[in-house]
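Notes for the one structure printed next.
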Amino acid sequence: MISIRQVEVVRAVMVTRSINGAAQLLNVSAAAVSRMLRHTESQIGFDLFARTPAGFVPTADATALMSDLETIHRSLKRIEDRLVLRDTEELPLRIGSSPGLGQSVIPQALSSLHRKHPGLRFELGSLHVDEVVPMLEFRRYDFALTIYDLNDPRVETVTIAEAPLVCLMSDSHPLSGKDRVTLDEVAGYPMIGYGAHAFQQHMIDDMFKDRGLTPDYHARCRLMNTACALVQEDIGLTLLDEFTIFGRTPAGTRVAQLDIDYRFPLNVLTFKDAPLSRLSEAFLAQISTVLSRQTAA
């Protein structure tokens, strides 16, 4: 017999195709996932995955187990939700989002929707790129709002808005007061960057490289809202999508446009053959209203 924890580990590796991805999904260490997987394969007497350069590929034996693994996972998730919510009522609105959107546009839209429906219950979760597909596929969230594209045939993408890349600096920064700055000017000052594997960091690095510039990173962080906090402390300036600070420029900072036209999409991602509910449609209508109101302002 294998334990429920072993079932969850095997499923997580199947979903993410990697030890690190499974560890993030389960909120445990990669070493713990690796140990549990080795123990499980040793216990059952055969390999569940082929270790390839492209990741952990499920064997035929593992693939045959997927339906049962998902049944167990969904049952455990329902039990967990019941214990957390202490309620037999399902949450009618479950939203996944890019971290920055969960700090700006989405709370504003939820506030408007909540005023219309005071009894509204919802869940808002922050998703990174590798988490979106499994969370949608297994109906953890009804849809996701992101500032990145996903090239996955299982996911439908609708772009509802765009926003530029902008420069955020403290009020006391030498460039403060300028409505528009150049990449050459930005490269002359300490910067706050993002993780080496972050999609926005790759894009920013390519922009500087195309201009023959070398940015001076004094700090790196995983999230854009963390970068905003560091800018407030005058540690450096940062480049970020305007959605992250939409209508809520952090206190003590200023925003300047850049001399390069890069647009971030605001995408609604849904799993194919999973139509949105009327409440989800009402929420997305509020997103459009928030964007229109702030743009006009």
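The values are calculated or read from the model by the stated rules, or taken from the named source; none is laboratory data. None of these values were measured; they are calculated from a predicted model. Cβ sites come from the backbone with ideal geometry, for glycine too, and all protein chains shown count toward neighbours. Heavy atoms of the whole protein, side chains included, go into the accessibility calculation; ligands, DNA and RNA do not. Shrake-Rupley method; radii C 1.70, N 1.55, O 1.52, S 1.80 Å.
Figures for the structure shown
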item	result
Check on LEU127, open to solvent by less than 40 Å² (accessible area, probe 1.4 Å) and over 11 Å from the mean Cα position of the chain (by Cα)	no
Residue list for the range 196-248, filter: farther than 30 Å from ARG293 by Cα and of a type in the set (A, V, I, L, M, F, W, C)	ALA196, ALA198, MET207, PHE208, LEU213, ALA219, CYS221, ILE235
Some residue of the range 234-257 being more than 17 Å from ILE147 (Cα to Cα) and part of a helix (DSSP H, G or I)	no
The one condition in (1) loosely packed, with under 13 Cβ neighbours inside 10 Å; (2) in a strand (DSSP E or B) that PRO265 fails to fulfil	(1)
Failed condition for LEU124, given (1) out of contact with any Phe, Trp or Tyr (no Cβ under 7 Å at 6 or more places or on another chain); (2) farther than 21 Å from ILE287 by Cβ; (3) touching a residue at least 12 places away in the same chain (Cβ under 8 Å); (4) outside any helix (DSSP H, G or I)	(2)
Residue list for the range 28-78, restricted to those being among the aliphatic types (A, V, I, L, M), assigned to a loop (DSSP other than H, G, I, E, B) and in contact (Cβ under 8 Å) with a residue 12 or more places away in the chain	LEU48, ALA54
The range 159-191 - residue that is of a type in the set (Val, Ile, Thr) and touching an Asp or Glu at 6+ places or on another chain (Cβ under 8 Å) and, of those, surrounded by the most Cβ atoms within 10 Å (Cβ to Cβ)	VAL166
Residue in the range 197-217 that is of a type in the set (Lys, Arg) and over 17 Å from ILE245 (Cβ atoms) present	yes
Selection from the range 149-183 of residues that are closer than 23 Å to ASP130 by Cα and among the polar types (S, T, N, Q)	ASN151, THR157, THR159
Which listed residue, of ALA161, ALA187, ALA196, is under 21 Å from LEU266 (Cβ atoms) and out of contact with any Lys or Arg (no Cβ under 6 Å at 6 or more places or on another chain)	ALA161
